[in-house]
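This report concerns only the one structure given below.
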Amino acid sequence: MALRHFFKHLTILTSSYGFCTLSSRFIHPSLTTLFNNINPKTQPLIPTKFSLPLSHCYTSVSHPSTSTLLSPYLSVRIRCPKDIADVFSEALMCFGATSTTVDEDDKCDTSNEICIESIFPESEDVDVCISQAADSVGLKMIPSYEVKTGEHYDWIKKTQESFDPVEVTEGLWIVPEWKTPPDVKATNIILNPGLAFGTGEHPTTRLCLLLLQRLIKGGERFLDYGTGSGILAIAALKFGASFSVGIDIDPLAITSAHHNAALNDIGLENFQLRLVSSNTSSPSTDEHKDIQKQTSFEAVAESEHETYDVIVANILLNPLLELADDIVSHARPGAGIGLSGILSEQVPCIIDRYSPLLDNISVSEIDDWACLSGTKKLTGN
């Protein structure tokens, strides 16, 4: 998992209720809580202990349930004094609101008031929530408000509509399933990310795709270490790899990648997806026969003695550091290895960790993001 996918996951959550305009201030509890005292450039949001890669799609935040995304909601318009609008908005979220927007352009009844648009789950007792929020900020009177019930809505579908085809480089497009490829003669990777991200929009995904174009010459065995939507595993085959494997700890990612493989007419003879677990539970049966659940990634490799010609791990800084030996161990000597999901300022840490393992290390960058590549040393790991 790269940090940007965590951000995209939050985008799904917040877009369920709509982003504010430039003249409004949007507040969401997930953002205010999770980003408090966290600098994403130096303190990635990842578990302190792990034994497997975090995927392109992501484990830092639980996936919203289908029932949540499809459920009706309560839209509440509240009039309150301007001088306490921000603190009252925060209080509303503490007592049950899912989001609040302070609308600075919409005039209320008096110049001393401002309107707050808030969203509550349908099951929430709005009267109690507003009363408790008002009391917590010292309001002597409960603000006036009106409640409307929003209709059932498929928020994932609405978010998907914002995705457009992405031209990674000349002749290479990432095309959402619901869009028409702009260039039918190009290499088009058809994608429906669902809840597993990796859409080609983010710099690290682009960097990995460009790296794959250079590394895949034809006939290689490829390992996508944290596959997410499956975009890299699929791309490798389109570039000429003979066999591609994607692993992930997230069942939703595996399901998404399986669907995306079908969209690209990729068969099981040269494409495999494997669900691996970070716990020690016994293997379980999956609905897809090609998805193999093991107790650890090490168990997968040990049982099959597989090595790969090209490996890409587009995850996060800490797992890249923690899992360096494991990532490299699945490569044959001289194999190409790509490492991404890191900020440019984090590159020195990765170079220090991988220098004993890789030769010919180089770094490519887009914006503030980086991808490090090298070849596995001919001796050693």
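The values are calculated or read from the model by the stated rules, or taken from the named source; none is laboratory data. What you see is a predicted model, and the numbers here were worked out from it, not measured in a lab. Counting neighbours? That spans all protein chains shown, and the Cβs are built from the backbone with ideal geometry, glycine included.
Could you grab me the full set of residues in the stretch 141-164 that are loosely packed, with under 14 Cβ neighbours inside 10 Å, in a loop (DSSP other than H, G, I, E, B) and modelled with pLDDT of 90 or more?
Met141, Ser144
Across the stretch 259-285, which residue is modelled with the lowest pLDDT among those that are assigned to a strand (DSSP E or B) and under 13 Å from Gly230 (Cβ atoms)?
Of all residues in the stretch 259-285, those assigned to a strand (DSSP E or B) come to 271-276.
Filter once more, keeping what is under 13 Å from Gly230 (Cβ atoms): 271-275.
Details: Phe271: 97, Gln272: 96, Leu273: 95, Arg274: 93, Leu275: 89.
Ranking the candidates gives Leu275 first.
Step by step: first the residues of the stretch 125-138, then only those that are at pLDDT below 90 and assigned to a loop (DSSP other than H, G, I, E, B), then the one that is farthest from Ala85 (Cα to Cα). Which residue is that?
Gly138
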